[in-house]
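Laboratory data are not the source of any read-out in this text; all were calculated from the coordinates shown. Not measured: the values here are computed from a predicted model. We place every Cβ from the backbone using ideal geometry, glycine too, and count neighbours over all the protein chains shown.
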Amino acid sequence: MKLVVDAHVHTISSGHAYSTVQEIAREAANKGIEMFIVTDHGPSMEGAPSLLHFANLKVIPNEICGVRVAKGVEANIIDYSGNLDVPAGYLKRLDFVIASLHDVCIKPATVEQHTNALIKVLENPYVDVIAHPGNPVFQVDIEKVVKAAAENKKLIEINNHSFDVRKGCEENCEKFIRACCEMGVQMVCSSDAHISFEVGCFDNVLKLFDKVKVSEDLVLSTSVERFEEYILQKKRRLNLI
């Protein structure tokens, strides 16, 4: 399986990442990555940019070094009712919205609370995908979360970076992949790169996909055309274009 879209990349604007958009684009081009999404952290993360950063992403060219550049955010879930640190007025301007739980932004609680938060987030019309849902620090009812993704026509991310920084996520990630395959939920793949050299790194993800025998049809990151069509259809559904 060839992955050509990296759906979750951080620039220097995130505060704890180390590369510019141009540096990421050059590295992506060198690696054969055809598209990436700029998804810097929402403002409740220490060191993250202000909301003005996301309002001004339109100044970034849609293509750099021959690589398609989409504009997004990794919004932080800030309570167990599924509220985010980026208001809807900003989310609607973006191509792609990731939502995630980080223990520096919200204190881990119970499986029931974690699950409820992700389900509520998946009901948010502007959210596209739950990031690194296999994180064992925020254990969830995987079947319920994937079912909510199916019902809301949303995506599940399989995050390569998690295997290095979220120890013990492998079992949960495999369960998410299997549940997505069973329910027909599309997945996106991300390096979650925090420096340009990490863009397009999917080795851990691909090992699990091979183990589970995942069909390419369920992996949106295998096609720029299908990924862009997903973004287009979302914007039409929400009357944003």
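Going by a ≥ b ≥ c, the root eigenvalues of the Cα gyration tensor, does the chain fall in the rounded group (a/c under 1.5), the prolate group (a/b larger than b/c) or the oblate group?
Note, shape of the chain comes out rounded.
State which entries of LYS31/LYS167; LYS58/LYS167; LYS2/LYS167; LYS147/LYS207; LYS2/LYS234; LYS31/LYS58 exceed 32 angstrom in Cα-Cα distance in the structure shown.
Pairs exceeding the cut-off: LYS58/LYS167.
Taking other Cβ within 10 Å of each residue's Cβ, how do LEU91, LEU238 sort, fewest first? Mind dumping the intermediate values first?
Values: LEU91 22, LEU238 12.
Taking fewest neighbouring Cβ atoms as first place, the list is LEU238, LEU91.
Per DSSP H run of at least 4 residues, take -39500 (n - 2.57); add these up for the chain, divide by its residues and hand me the 222 nm value, nearest 500 deg cm²/dmol.
-10000 deg cm²/dmol
For a test of the definition: using alpha carbon positions, the gyration tensor, and the 1.5 limit on a/c, classify segment 141-241 as rounded, prolate or oblate.
It comes out oblate by the Cα gyration axes.
Just name one of ILE106, LEU208, LEU238: the one whose Cα is farthest towards the positive end of the charge dipole of the chain (beta-carbon charges, Lys/Arg +1, Asp/Glu -1).
LEU238
What are the trypsin sites (Lys or Arg not before Pro) within segment 139-241 that DSSP puts in a loop, where the Cβ has at most 11 other Cβ atoms within 10 Å? Let's see the in-between values first.
On the way: sites: LYS144, LYS147, LYS153, LYS154, ARG166, LYS167, LYS175, ARG178, LYS207, LYS211, LYS213, ARG226, LYS234, LYS235, ARG236, ARG237; in loops: LYS153, LYS154, ARG166, LYS167, LYS213.
Counting only loop positions with at most 11 other Cβ atoms within 10 Å, the trypsin sites (Lys or Arg not before Pro) in segment 139-241 are LYS167, LYS213.
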